[in-house]
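As structure tokens, the structure follows; a few thoughts come after it.
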Amino acid sequence: MKAEDLTTLLETGEKTPDEICPVLYTMSILGQRWKFPILWHLADEGTLRYNELKRGIPLITNIMLTQSLRELEKSFLVERKNYDSIPPRVEYSLSERGKTLIPLLKQIHAWGADQMELVVEESKKKNP
């Protein structure tokens, strides 16, 4: 189920927070493959322009980066600032709400680093 669907159910009163699993709700907002890397880069590097984000996440397509940024904006986790300049300039940063995810992002980063080390260690044991 999409975040918009769950949010709409809450906004219309069709469901209460007690009727929706918080993990399901969180994953409906953050569960898409590229959102954590986007949030991580913004948390780690601060305000970034579109192409800076793209360079930091080399496997992401332009379509997915644009779509993910829009969804993160809609969820109030990322702020977009447009500058009236030629050429046009747009910058992205974590919103105050997005900054509340920084401890979680750090934990996920640490967990991922530990898991990669474990894979390497286990691989060395199997293939000395």
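Only the coordinates and a few stated rules stand behind these numbers; no lab work does. Because the structure is predicted, anything quoted here is derived from the model rather than measured. Neighbour counts are summed over all protein chains in view; Cβ atoms, including those assigned to glycine, are modelled from backbone coordinates with ideal geometry.
In table form, for the structure just shown:
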read-out: Lys pairs, the chain - Cα-Cα below 20 angstrom, 8 or more residues apart or on other chains; value: 12
read-out: Size of charge dipole - the chain - debye, nearest 20, with Cβ of Lys, Arg +1 and Asp, Glu -1, no other charges; value: 520
read-out: Long-range amide H partners of residue 78 with built H, under 5 Å; value: 73, 95
read-out: Theoretical ellipticity at 222 nm over the chain - DSSP helices of four or more residues, -39500 (n - 2.57) apiece, nearest 500; value: -18500 deg cm²/dmol
read-out: Rough spin-label spacing in nm, given labels placed 7 Å along Cα→Cβ, for residue 47 and residue 124; value: 4.4
read-out: Relative contact order of the chain, pairs being alpha-carbon contacts under 8 Å that are 6 or more residues apart, as %; value: 21
read-out: Which labelled figure in (1) 154; (2) 140; (3) 104 is volume of the Cα convex hull per residue in Å³, once derived from the coordinates; value: (1)
read-out: Sequence of 126, 15 once ranked by neighbouring C-beta atoms within 10 Å, starting from the fewest; value: 126, 15
